[in-house]
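Throughout, read-outs are computed from the coordinates displayed, never taken from laboratory work. The shown structure was predicted, so the numbers you read here are calculated from the model rather than taken from an experiment. Ideal geometry is used to build each Cβ from the backbone, glycine not excepted, and the neighbour counts take in all protein chains shown.
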Amino acid sequence: MVQVYGKTDEAGRVLQIASSVFLGDPAGWILIDEGDGDRYVHAQGNYLDKPLTAEDGTHNYILEDGSIRETTSEEKQAERDAFPEPEPSREDELEAQVLSLQAQIDALLGVSE
């Protein structure tokens with residue numbers, strides 16, 4: 001029998017899946033299932049129906065009470081809401097600097113809008 005293990009984050013979202021065939025030391029991993037066949041041996045690509053993460057970066061699975069389930073749309077939205085705000089692009093930073101400099105020049109020259 002081959003064991004399937006999972007690693008999760010603090011919220012129980014599944015970050016990794018591996019089989020005992022390739023894992024080596026299962027310390028820090030959670031035993032999920034065991035069986036025979038490619039689904040178990042090559043668990044990373046065959047055990048779950050979907051990839052671990054969706055295109056938007058949210059996780060598709062949660063490990064709860066020793067079993068894996070798909071995340072709900074509410075859980076995905078909560079995860080999306082917790083994403084950090086994107087850093088401004090270099091172009092946005094330069095545009096803000098240009099506007100700031102223009103405002104300073106206008107102030108020195110006494111130009112008002």
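Observations, loosely collected:
- For region 93-113 versus region 8-32, the inter-centroid distance based on Cα atoms is 55 Å.
- Using θ = phi - 60° and Karplus 6.51 cos²θ - 1.76 cosθ + 1.60, couplings along region 75-91 (whole Hz; Gly, Pro as x): 5, 5, 5, 4, 5, 4, 5, 8, 4, x, 5, x, 5, x, 6, 4, 5
- When peptides 82-88, 17-23, 95-101 are ranked by their average number of other Cβ atoms within 10 Å per residue, the highest-first order is 17-23, 95-101, 82-88.
- Helical mean residue ellipticity (222 nm; -39500 (n - 2.57) per DSSP H run of 4+; nearest 500) of the chain: -10000 deg cm²/dmol
- Relative contact order of the chain, pairs being alpha-carbon contacts under 8 Å that are 6 or more residues apart, as %: 20 percent
- Applying the Karplus relation 6.51 cos²θ - 1.76 cosθ + 1.60 with θ = phi - 60° to region 25-32 yields 3J(HN,Hα) values of 9, x, 4, x, 9, 10, 5, 9 Hz, where x marks Gly and Pro.
- Over the chain, volume per residue of the alpha carbon convex hull, in Å³: 164 Å³
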